[in-house]
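Every read-out reported here was derived from the displayed coordinates using simple, explicitly stated rules and does not represent laboratory data. These numbers come from a predicted model, not from an experiment. Virtual Cβ from ideal backbone geometry, glycine too; neighbours counted across all protein chains shown.
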Amino acid sequence: MADGLHASARVALADPTAMLDRLCGHFTEHAAVTRRSGGARFDGPFGAVELDIADAALGISVISPNESYLFVVTSSVAEHLFEFAGGEAVALSWQGDLPTEARIPYFREAVVRSAHDITPAMRRVVVACDDPAHFETGGLHVRLLIPPPGRAPVWPKVGPDSRVIWPEGEDELARRVYTIRAIDHVRRELTIDVVLHDDSPGSVWARNARTGDRVGLLGPGGGDVVPADWYLLCGDETALPAIARIAASLPAAARAAIVIEVADRTEEQQISSKAALEITWLHRNGLSAGSTDLLLDAVRAIALPEGGEPFVFAGCEQAAARAIRKHLRAERKLPKERHLVAAYWRRGHSDVHDHGE
Ligand SMILES: Cc1cc2nc3c(=O)[nH]c(=O)nc-3n(C[C@H](O)[C@H](O)[C@H](O)COP(=O)(O)OP(=O)(O)OC[C@H]3O[C@@H](n4cnc5c(N)ncnc54)[C@H](O)[C@@H]3O)c2cc1C
């Protein structure tokens, strides 16, 4: 295999062909899968995997560009291998460039430095982190690992087979995805803006955050912003931090239309950028979040510029995200690489761990 970090393993199995079939079936969703006689190759965003059957065993060989990505691939292969093995006893032991520490390579502990309300329903929590540069590229978001109130945190560990061992019972962590709105390298601080909406784990954490509280961060993830001449950045208040961070990163030559749905005028915030911004605020005026077509209607009404490369970003409740994505693809014929429309939350459901870091 080519240059990069490597890991390999050989797993004896009762039916390695059945395992190969199931792994191929699953990873088709996440990677380009190429089948060949007695083996397969997966090429995905985090690296490549070669699978080969020999002597009643499945040989696995992984190459990835960095330690975090290598771990993403080996842990994902391991999780699915054990899941698909059902009750069969499986011995999986990796050789190669995996970290020797039992720590997820993209885990960092942070400590709350301050917390204050920036609007009636948005609380800013600033956390100190030894390694802010780690969060600069690879995505705008992190998964916050929130310890149970009043308990010292127990962080996840990595087992010898590369699977993550999560603390359970009284030490179980709540996991919620948030955007890093700003990174201050000098003060070694990350800023996270949290919507206060319920007595939910994320809201309660932000409401009660006190200087010195410890919190875990997994990430960053979600990819970087695609260069374009013209942007449409839209979303509800949960995507306001992402929109503000993207706007702050745009060059002076860019133009951006920004559309943000919030409860009312008191939730509007300053959005700063070197680029030329045209900002529209949509107010729900008493209607509940996730219950209106305000965003979809506003996106429908916006004309994409003729010529140049556009990019549309949207983050909002799942139903609205689906409707906006459908509109962009079916009616605007916007190619996949020219838009990113993400469900940031789902009405009536708690975070379901499937947004990717
Ligand atoms: C990539 C990404 C980036 C995100 N960035 C941010 C961010 O920077 N700031 C931020 O505040 N959120 C952000 N979110 C959204 C956040 O992860 C969800 O809102 C999450 O559900 C909040 O967790 P919770 O513990 O407060 O509520 P949960 O326990 O997950 O949900 C409890 C209940 O509250 C409802 N609910 C969840 N969110 C909202 C809401 N915003 N308004 C009304 N009802 C809600 C749910 O439908 C559920 O019924 C982001 C999500 C993604 C995927």
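Annotations for the structure displayed:
- Karplus 3J(HN,Hα) series, Hz, for region 109-117 with 6.51 cos²θ - 1.76 cosθ + 1.60 (x for Gly, Pro): 8, 10, 10, 5, 9, 7, 8, 7, 6
- Proximity of backbone amide H atoms, modeled 1.01 Å from N, is registered between A314 and C234, L340, V341, A342 at under 5 Å, excluding neighbours fewer than 5 places apart on the same chain.
- Over the chain - Rg/Rh using Cα atoms and the Kirkwood inverse-distance radius: 0.99
- 3J(HN,Hα) along region 270-280: 6, 10, 10, 6, 7, 6, 7, 10, 10, 9, 10 Hz, from the Karplus curve 6.51 cos²θ - 1.76 cosθ + 1.60 with θ = phi - 60°, whole Hz, x for Gly and Pro.
- With a cut-off of 10 Å between beta carbons, the residues surrounding S203 carry a summed charge of +1, where Lys and Arg count +1 and Asp and Glu -1.
- Residues with amide H under 5 Å from that of L5, placed H, sequence gap 5 or more: S64, N66
- Those GluC sites (Glu not before Pro) in region 49-149 that DSSP places in a loop and that have at most 10 other beta carbons within 10 Å: E101
- T292, T211 arranged by Cβ crowding within 10 Å, fewest neighbours leading: T211, T292
- For region 226-235, Karplus couplings with θ = phi - 60° (6.51, -1.76, 1.60), whole Hz, Gly/Pro x: 7, x, 7, 8, 9, 10, 10, 10, 9, x
- Arranged from fewest to most other beta-carbon atoms within 10 Å of their beta carbon, H185, H339, H197 become H185, H197, H339.
- In loop segments of region 264-325 as defined by DSSP, the trypsin sites (Lys or Arg not before Pro) with at most 16 further C-beta atoms inside 10 Å of their C-beta are K274.
- Ordering I118, I165, I271 by the number of other Cβ atoms within 10 Å of each residue's own Cβ, fewest first, gives I165, I118, I271.
- Folded to 0 to 90 degrees: helix 16-27 orientation relative to the chain principal axis, Cα: 10 degrees
- The magnitude of the dipole of region 8-152, with charges of +1 and -1 set on the Cβ of Lys/Arg and Asp/Glu and taken from the Cα centre, is near 480 debye.
- Taking the Cα centre of the chain as origin and assigning +1 to Lys and Arg Cβ atoms and -1 to Asp and Glu Cβ atoms, the resulting dipole is close to 660 debye.
- Built amide H within the under 5 Å cut-off of I279, gap 5+: I258
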